[in-house]
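The values are calculated or read from the model by the stated rules, or taken from the named source; none is laboratory data. Please read these numbers as outputs of a predicted model, since none were measured by experiment. Heads up, the Cβs are rebuilt from the backbone with ideal geometry, glycines too, and the neighbour counts pull from every protein chain shown. These area figures cover heavy atoms from the full protein model, side chains too; ligands, DNA and RNA do not enter into them. Shrake-Rupley method; radii C 1.70, N 1.55, O 1.52, S 1.80 Å.
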Amino acid sequence: MVLSVLFPEPRLSCLYAQPKTSAINPVLSPPGVWFVNNRKMANWDDTSRARIAHVQTQLRPLLCQAVPDSCRHLRGRGSVKGAVRSLHHAVNHARYVARFDIKSYYQSMHHDVLLSLLDSAGAHAYCRAVVADYLSLPDRRNTGRGMVAGGSLSPGLGALYLAPLDRAMDRRQRAGTVVSYLRYMDDYVILTKTRWQLRRAIADMHTVLESLRLCVHRTKRFIGKTSHGFDFLGYQIHPGRAVRPSREAYRRLRLRSRRLYERGGDLNRLRQYLQRWWQWLHGGLDRLVCRKGGLQRLIRHILSHLHIPRPRCRDG
């Protein structure tokens, strides 16, 4: 009883109370900041977390209208498997492909550009104030760049930042100079019928990225013929062939399997992990993924990589 008097629980009406003017700052409290694999993370207090969740709900319909359907990581747009299904179908109608990845996407996002895009989307002044604090408070050095990873607002804001690129590519697709364009966060693919169309689309892409003050990654890219195949979201896509796991997907699988085994995971635990990975690989793709060798071949490959002898059946 005494604790409830000294530390009363905040009411939801107080958490969601919107300031009368946008000049009230800050709306959120400064979070704890740390880094995981060079990605900035933030730990907000309960009041700030509730306000962020409230703004996320308010922004969801605005983002669905402001971000074209070619951006697939927003809720209800098919996510990874929907993007792979669409590419598997579209690649049969294109001869050239360009796949790009934005260099240090979250770290390169400029706050003023993102807030301007948010204003263009018609966001309320309170939502803008919360987003401004969401961007600026973890920025301890006041660089005006960067966004935390893992926050509930980050996927939606990440979708909004590249919306101008989505609209530019969609215009080319409606004009018939681009066969297909798909984006998942900062990874995107452009499919065309001719080399000239691909060059014009890439030139248009660089113009948009320059206005957003972004640049593509130097090594995480592929430009060439679709017949050579290309990787996207952990899958390798070829025209006229079944989808396969990419080399990077296999590399990560071997790495995580080794970590599991070195932490004391027995053969049973390793089999369970590989079975779940196999189910994820094929889930949602309607038998579009190659099943050659099946799960047992995958298990034999991982055991051989880890130098684990395969168990033999005992007689009798």
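Taking only Cα atoms and a 10 Å spring cutoff, compute GNM fluctuations for the chain and point out the largest among Arg172, Arg213, Arg141.
Arg141
Could you tell me the relative contact order of region 245-316? Use alpha-carbon pairs under 8 Å, at least six residues apart, and round to a whole percent.
30
If you roll a 1.4 Å probe over region 84-124 with all protein chains in place, what percent of the accessible area is carbon or sulfur?
Numbers: 780 of 1690 Å².
Of the solvent-accessible surface of region 84-124, carbon and sulfur hold 47 percent.
Over the chain, give the accessible area per residue in Å² for a 1.4 Å probe, as an integer. Provide the component values of the computation, followed by the final result.
Values: 18200 Å² over 316 residues.
On a per-residue basis, 58 Å².
So, with a 1.4 angstrom probe, what is the percent of accessible area on region 258-309 that is carbon and sulfur? Could you put the intermediate results ahead of the total?
Working: 1650 of 3580 Å².
Here carbon and sulfur together make up 46 percent of the probe-accessible area.
Using a cut-off of 13 Å between beta-carbons, work out the net charge of the residues near Gly82 (Lys and Arg +1, Asp and Glu -1, Gly82 not included).
Neighbourhood net charge equals +4.
Less than 28 Å apart at the alpha-carbon level, and either on another chain or at least 8 residues along: which lysines does that give for Lys81?
Lys40, Lys103, Lys193, Lys220, Lys225, Lys292
Taking Cα pairs under 8 Å and at least six residues apart, what relative contact order does the chain come out at, in percent?
Across the chain, relative contact order equals 20 percent.
In percent, how large is the relative contact order of region 134-251, given Cα pairs closer than 8 Å and 6 or more residues apart?
13
Can you report the principal axis dimensions of region 194-316 using only the alpha carbons, biggest first, rounded to whole angstrom?
Taking the Cα atoms of region 194-316, the three principal extents are 70, 33, 24 Å.
Hey, could you grab the Kirkwood Rh for region 52-202? Inverse mean 1/r over distinct alpha carbon pairs, Å, one decimal.
Values: mean 1/r = 0.0614 Å⁻¹.
Computed over Cα pairs of region 52-202, the Kirkwood hydrodynamic radius comes out at 16.3 Å.
Under 10 Å, Cα contacts only: if you run a Gaussian network model on the chain, which one of Ser116, Ser48, Ser70 comes out with the highest mean-square fluctuation?
Highest fluctuation among the options: Ser116.
Rounded to two decimals, what is the ratio between the C-alpha radius of gyration of the chain and 2.2 N^0.38 Å?
1.19
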